[in-house]
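Here's the structure, in structure tokens; my notes come after.
Each reported figure results from applying straightforward, stated rules to the coordinates on display, with no laboratory input. Being a predicted model, the structure only gives us computed values, none of them experimental. Neighbour counts run over all protein chains shown; Cβ positions are idealised from the backbone, glycine included.
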């Protein structure tokens with residue numbers, strides 16, 4: 001039995017990952033803003049520090065793995081909040097728990113998105129990667145919600161890539177998954193919306209494999225990357241999107 005920590009395990013993809021890991025016989029420590037083992041608000045530095053401290057107390061012997069799934073979508077009107085949770089709530093948790101994962105030579109999976117490569121605001125991504133939270137929050141308020149979302153997801157993927165060698169040297173594998181359109185209770189509401197529903201259904205119909213993803217698909221990919229079967233995979237972004245990224249960017253690898 002392994003010991004895993006994860007953020008954002010209350011609903012959707014996170015809930016599926018939590019369930020998968022527990023069904024595999026693991027102990028899973030969930031951090032979320034509600035319905036979790038550790039209640040913490042990852043939008044603030046104090047909340048992130050509290051989450052790290054609580055995980056360290058609950059798993060002092062070390063972690064076999066860490067999954068950073070907490071995130072907000074482009075439907076959130078508070079753009080700085082998306083930035084705080086999606087990027088800083090990810091990298092600060094990982095940095096704060098790196099040694100616990102290293103103690104058991106474990107693995108980390110970051111949740112990115114297949115929308116990350118479509119980001120059109122490289123200056124926002126650069127600000128995030130510099131770690132200037134205040135500048136990033138100010139900039140995020142000036143751009144569209146989708147650019148904030150895709151920018152944070154691009155930044156976490158690039159941060160992961162930049163850290164991969166350093167973490168590997170410490171005994172930690174770090175990778176990311178990039179989910180495509182995945183049906184959750186939230187997205188299913190939008191599918192039935194009279195205004196947005198038709199466009200969403202058209203988008204779903206364009207998925208090359210012919211069907212949308214389920215949270216269980218993302219959980220299976222995450223479980224694999226955490227497992228010993230993926231021991232030689234490090235610094236990779238796995239697109240779990242039914243072929244959409246290949247369709248959108250056929251000449252980019």
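With a 10 Å radius around each residue's Cβ, average the other Cβ atoms per peptide and rank 147-154, 176-183, highest first.
Ranked by mean Cβ neighbours within 10 Å, highest first: 147-154, 176-183.
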Exercise. Which order, highest average first, do 23-35, 225-237, 91-103 follow once you tally other Cβ atoms within 10 Å for each residue and take the mean per peptide?
Worked result: 91-103, 23-35, 225-237
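Viscosity 0.890 mPa s, temperature 25 °C: Stokes-Einstein D of the range 101-187 from its Kirkwood Cα radius, in µm² per second?
Values: Rh = 14.1 Å.
Value of D from the Cα-based Kirkwood radius: 174 µm²/s.
Taking the highest mean first, how do the peptides 155-167, 240-252, 45-57 order by number of other beta carbon atoms within 10 angstrom per residue? Let's see the in-between values first.
Values: 155-167: 19.2, 240-252: 15.2, 45-57: 17.3.
The peptides rank, most packed first, as 155-167, 45-57, 240-252.
Report the full-extension gain for the segment residue 95 to residue 126: residue separation times 0.36 nm, less the Cα-Cα distance, to one decimal in nm. Show your work: numbers first, answer last.
Values: separation 31, 0.36 × 31 = 11.16 nm, distance 1.88 nm.
Fully extending the segment from residue 95 to residue 126 adds 9.3 nm.
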Exercise. To the nearest 500 deg cm²/dmol, what mean residue ellipticity at 222 nm is calculated for the chain from DSSP H runs of n ≥ 4 alone, each contributing -39,500 (n - 2.57), summed and divided by the residues?
Worked result: -14500 deg cm²/dmol
Exercise. Want the number for residue 60 to residue 161: 0.36 nm per residue separation, take away the alpha-carbon distance, what's left?
Worked result: 33.6 nm
Seminar exercise, completed: Within the range 232-247, the residues whose backbone N lies under 18 Å from a label point placed 7 Å from the Cα of residue 220 along the Cα-to-Cβ direction are 238-245
For this session: Return one number: the angle in degrees, 0 to 90 and rounded to the nearest 10, between the long axis of the Cα atoms of helix 45-58 and the longest principal axis of the Cα atoms of the chain.
Result: 50 degrees
Exercise. How are the Cα pair distances of the chain distributed, in percent, across 5 Å bins from 0?
Worked result: 1, 6, 14, 18, 21, 18, 12, 6, 2, 0, 0
For this session: Taking the chain as the reference, fit the longest principal axis to its C-alpha atoms, fit the long axis of helix 145-169 to the helix C-alpha atoms, and give the angle between the two in degrees, 0 to 90, nearest 10.
Result: 30 degrees
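Using only the Cα atoms of the range 11-51, construct the convex hull and provide its projected area averaged over every direction, in square nanometres to one decimal.
3.0 nm²
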Exercise. What nm value, rounded to one decimal, do you get for the distance between residue 135 and residue 33 when each label is placed 7 Å out toward the C-beta?
Worked result: 2.7 nm
Seminar exercise, completed: Measuring from the longest principal axis of the C-alpha atoms of the chain, the long axis of helix 215-226 (C-alpha) lies at a number of degrees, nearest 10, equal to 40 degrees
Exercise. Once you put a point 7 Å from the Cα of residue 199 and another 7 Å from the Cα of residue 142, both along the Cβ direction, what distance in nm separates them?
Worked result: 2.5 nm
Seminar exercise, completed: Rounded to the nearest Å, the spacing of the alpha-carbon centers of the range 200-240 and the range 51-119 is 18 Å
